[in-house]
2 protein chains.
Amino acid sequence: MKIAIIGTGTVGTTIASKLVELKHNVMLGTRNVEDKLASTKKDSYGNPPFNEWLKTNQKVKLGTFADAAAFGELVFNATHGSSSVAALKLAGAKSLAGKVLIDIANPLDFSKGMPPSLLPGLNNTHSLAEEIQETFPDTLVVKTLNTMWCGLMINPDMIGKGDHINFICGNNDEAKAKVKKLLNQLGWKDKNIIDLGDITGARATESLLHLWLKVMGITKTGAFNFSLVR
Amino acid sequence: MKIAIIGTGTVGTTIASKLVELKHNVMLGTRNVEDKLASTKKDSYGNPPFNEWLKTNQKVKLGTFADAAAFGELVFNATHGSSSVAALKLAGAKSLAGKVLIDIANPLDFSKGMPPSLLPGLNNTHSLAEEIQETFPDTLVVKTLNTMWCGLMINPDMIGKGDHINFICGNNDEAKAKVKKLLNQLGWKDKNIIDLGDITGARATESLLHLWLKVMGITKTGAFNFSLVR
């Protein structure tokens, strides 16, 4: 499948590598292609600059946000939550119309110190995914994978034999079914994918970041997740 | 130990019964003792009125909020989050000073429909437990048990052989150690009690209610919890 990923950070590149391995046709979208390729800066986690990553991932295409959105039959939002809506506007409502958009971003607010809180207006009675769905009413927004470190998103078997949970929500059942199939390809078993219903479920999964960040502060690793005990 | 429980709802009475079974000396605190004893109303879950519960739990004392706070060496806050601070003010800052207060309330806001959100001003960058700690600076507030149904609070073995998680946080390590011992008596193993650090950890556990409520809407039972997979 032709898949676009809006955002070239650790999350975007991690998913891109995996999707290529699964034989998908992948284009990453960035704000400015020339700037992105010219940059020699390591990212905030100390990872090599993007152009070095691209050398070892030559099957991944690079384009603008708009190029990527036009290319993808399915689109991932892997931007920072604080700039997701702006980036998706640059990607273009027309290109995104009728497509499934997998939103894995979180509306983290780093302006008040660490650990971050959630952005004003995008928490408690609202969420980033709802904001995106309202801004792009013709797009089928599905929220998933946002409650874990990206290493686990594409390799759930890394811990607990893959038996830990990933939430999914969205207003369109067909779109969610399509995303579940892609999650299966990434290694997620159906029994571990919990459907929270419509897109307001994102209030629950984005809120989980408060706890996730606290636990990560204790475990000192992102390689953890939660499971449901009944 | 002499233990006071502020609040006579399902959570308060469930904990009271268990503490009596564990040979503790328990007083429940209510706003108005005569009204409480005279009421013949079932609660919102259809449980029998309080005076019937009391007949089968005769070792439990009943007093005002102030009576209970004066009586207890350790105090539970089991009121609704929306009225916790007011109830604790009636209990009295002097009586609560120097004591451990176990806060198991959640700042749920039912005014905007179901599922509830969190109360304005008590979410994201603040929490009910922090509000209580700030209002009663001489009290040692410890937040715990607020992320599950009360049946599990006092009987974790009901599911998953007791192996699921309970969070704890608070500014005073001695107070947390004391509460952990009580949690052990309730059936909680040390390995399943995750210390999130100071009282700001309550932002994380109170936020989890968003997800908890969504999952309960799916499972149709409160008899579930989360475990940590590493």
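The values are calculated or read from the model by the stated rules, or taken from the named source; none is laboratory data. None of these values were measured; they are calculated from a predicted model. Backbone-built Cβ (ideal geometry, glycine too); neighbour counts: all protein chains shown.
So is B:Leu108 more than 10 Å from every other protein chain (Cβ to nearest Cβ), aliphatic (A, V, I, L, M) and out of contact with any Pro (no Cβ under 9 Å at 6 or more places or on another chain) or not?
Numbers: more than 10 Å from every other protein chain (Cβ to nearest Cβ): yes; aliphatic (A, V, I, L, M): yes; out of contact with any Pro (no Cβ under 9 Å at 6 or more places or on another chain): no.
Considered against the rule, which asks whether it is more than 10 Å from every other protein chain (Cβ to nearest Cβ), aliphatic (A, V, I, L, M) and out of contact with any Pro (no Cβ under 9 Å at 6 or more places or on another chain), B:Leu108 comes out as no.
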Which count do you get for residues in region B:44-90 that are under 22 Å from B:Leu145 (Cβ atoms), out of contact with any Ser or Thr (no Cβ under 7 Å at 6 or more places or on another chain) and among the β-branched types (Val, Ile, Thr)? 3
Going residue by residue through region B:23-37, is there one that turns out to be in contact (Cβ under 8 Å) with a residue 12 or more places away in the chain, surrounded by fewer than 17 Cβ atoms within 10 Å (Cβ to Cβ) and of a type in the set (Gly, Ala, Ser)? no
Sort out which residues of region B:114-125 are crowded, with 20+ Cβ neighbours inside 10 Å and not polar (S, T, N, Q), and write them in order of number. B:Leu118, B:Leu119, B:Leu122
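If only one of B:Gly151, B:Gly197 is out of contact with any helix residue (DSSP H, G or I) (no Cβ under 6 Å at 6 or more places or on another chain) and either under 23 Å from B:Gly9 (Cα atoms) or of a type in the set (Lys, Arg) (or both), which one is it?
Unique residue meeting the criteria: B:Gly151.
Could you list, in sequence order, all residues of region B:57-83 that are of a type in the set (Ser, Thr, Tyr) and either within 14 Å of B:Thr30 (Cβ to Cβ) or modelled with pLDDT under 95 (or both)?
So in region B:57-83, the residues of a type in the set (Ser, Thr, Tyr) come out as B:64, B:79, B:82-83.
Residues satisfying the conditions are B:Thr64, B:Thr79, B:Ser83.
Do the conditions hold for B:Lys161, that is, is it surrounded by 21 or more Cβ atoms within 10 Å (Cβ to Cβ) and either in contact with a Phe, Trp or Tyr (Cβ under 9 Å, 6 or more places away or on another chain) or without any contact (Cβ under 8 Å) to a residue 40 or more places away in the chain (or both)?
Working: surrounded by 21 or more Cβ atoms within 10 Å (Cβ to Cβ): no; either in contact with a Phe, Trp or Tyr (Cβ under 9 Å, 6 or more places away or on another chain) or without any contact (Cβ under 8 Å) to a residue 40 or more places away in the chain (or both): yes.
So B:Lys161 fails the test.
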Can you tell me which condition B:Gly201 does not meet? The list is (1) under 17 Å from the mean Cα position of the chain (by Cα); (2) within 16 Å of B:Ser227 (Cβ to Cβ), and all the others hold. (2)
Any residue that is in a helix (DSSP H, G or I) and in contact with an Asp or Glu (Cβ under 7 Å, 6 or more places away or on another chain) - is there at least one of those in region A:9-30? yes
